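The values are calculated or read from the model by the stated rules, or taken from the named source; none is laboratory data. What you see is a predicted model; the values in this text were computed from it and never measured. Backbone-built Cβ (ideal geometry, glycine too); neighbour counts: all protein chains shown. All accessible areas refer to the heavy atoms of the entire protein, side chains included, with ligands and DNA or RNA removed. Shrake-Rupley method; radii C 1.70, N 1.55, O 1.52, S 1.80 Å.
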Amino acid sequence: MDANSKFPDLAEFLQRKIAEIRSRKTRPVSIRSLAAKSGMSPGRFTDLIYGRRALSEFYAEKLIVGLKLERKDQVELQALISTASRKEKPRRLLTEEELSVVTGWENFAILNLLKTTDFESTAQKISERLAIGEERTTQCLNILTNLGLVKLHNGHYERTSGFLTTSYEIPSQALKNAHEQVLLKAIDVLKTTQPEHRHYSSLTLAVDAKKLDVAKKMIDEFRKKFTRQFELGNKSEVYNLSVQFFPFTAVNEAADV
């Protein structure tokens, strides 16, 4: 065990899991590759596996995915999360009523703009960066403030919650409206933004409908990996990744979400 280890239980757990991973592989598995799969820098990953840093909920989630931990191991890892780190901004599940209010793409764009590096988060700067009118900006900020998602501090807006999520696979008119707003914005950006600043692609194929659940799971896993990779480093812009997988052929039932 590293003499500088401040969290020996965490170090023992992670080193044991890494040893198990290496024992199942025929080729060498490097710390750098495991760090990349976990969506963190090699330095951060090394500090965690040697117990030099406290484990936060944020990095626990990354390790769960990167090391492909089974449920029992996930529970064990989560028990090792530092008490201090649990003071981080909590996740929040938006209710149907809340989602119906924040349907516009601008609200989610503002929440993420507040995460960018060295941003002067005044109403005027938010309006300028998102190219939306001051009236609409004020309206969105009032909505977000009333929902407790942002607060005004010394003339600057700050996020008050961490990761936001919504209902999944549950019929929701508000969620449909939110998807529609994002798609309309995507059409606008397609027409007004140069190709070097965007990427649009589409694929049409014949599929086995019985594998739909597998397809959804693969898409969800891709989104998680994409997020882990691109939320690292200097955050200078706000982008949207939208994935649609839908039938061209008529189906027996209308889509619910």
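So which pairs qualify, if the first residue must be in segment 227-244 and in contact (Cβ under 8 Å) with a residue 12 or more places away in the chain, the second must be exposed (fewer than 11 other Cβ atoms within 10 Å of the Cβ), the Cβ gap must be under 7 Å, and the two must be at least 6 apart or on different chains?
Pairs that qualify, where the first residue is in contact (Cβ under 8 Å) with a residue 12 or more places away in the chain and the partner is exposed (fewer than 11 other Cβ atoms within 10 Å of the Cβ), are ASN234/THR117; LYS235/THR117; SER236/THR117.
When you scan segment 91-115, how many residues do you find that are in contact (Cβ under 8 Å) with a residue 60 or more places away in the chain, among the hydrophobic types (A, V, I, L, M, F, W, C) and more than 18 Å from GLU134 (Cα to Cα)?
Matching residues across segment 91-115 total 3.
For the subset of segment 99-115 comprising residues that are within 15 Å of the chain's Cα centre (by Cα) and open to solvent by 20 Å² or more (accessible area, probe 1.4 Å), which member is modelled with the lowest pLDDT?
LYS115
Do we find that GLU96 is over 19 Å from the mean Cα position of the chain (by Cα) and at pLDDT below 95 in this structure?
yes
Tell me, which residue of segment 126-149 that is touching a strand residue (DSSP E or B) at 6+ places or on another chain (Cβ under 9 Å) and assigned to a helix (DSSP H, G or I) is farthest from VAL101 (Cα to Cα)?
ILE126
Give segment 150-161 a look and list any residue that's in a loop (DSSP other than H, G, I, E, B) and either free of Cβ contacts under 8 Å to residues at least 12 places away in the same chain or surrounded by fewer than 13 Cβ atoms within 10 Å (Cβ to Cβ) (or both), or say none.
Residues satisfying the conditions are ASN154, GLY155.
Would you point out which residue out of ARG44, ARG52, ARG22, ARG27 is open to solvent by 80 Å² or more (accessible area, probe 1.4 Å) and in contact (Cβ under 8 Å) with a residue 12 or more places away in the chain?
Matching residue, one of ARG44, ARG52, ARG22, ARG27: ARG52.
Picking from LYS176, LYS210, which residue would you name as being in a helix (DSSP H, G or I), open to solvent by 80 Å² or more (accessible area, probe 1.4 Å) and not β-branched (Val, Ile, Thr)?
It is LYS210.
Go through segment 101-124 and give me each residue that's assigned to a helix (DSSP H, G or I) and in contact with a Leu (Cβ under 9 Å, 6 or more places away or on another chain).
Passing the criteria: VAL101, TRP105, GLU106, ASN107, PHE108, ALA109, ILE110, LEU111, LEU113, ALA123.
Within the bounds of segment 216-226, is there any residue that is hydrophobic (A, V, I, L, M, F, W, C) and modelled with pLDDT of 95 or more?
The answer is no; no qualifying residue exists.
Looking at LEU152, LEU114 in this structure, which one is hydrophobic (A, V, I, L, M, F, W, C), on the phi < 0 side of the Ramachandran plot and in contact with a strand residue (DSSP E or B) (Cβ under 7 Å, 6 or more places away or on another chain)?
Result: LEU114 is the single residue among LEU152, LEU114 that is hydrophobic (A, V, I, L, M, F, W, C), on the phi < 0 side of the Ramachandran plot and in contact with a strand residue (DSSP E or B) (Cβ under 7 Å, 6 or more places away or on another chain).
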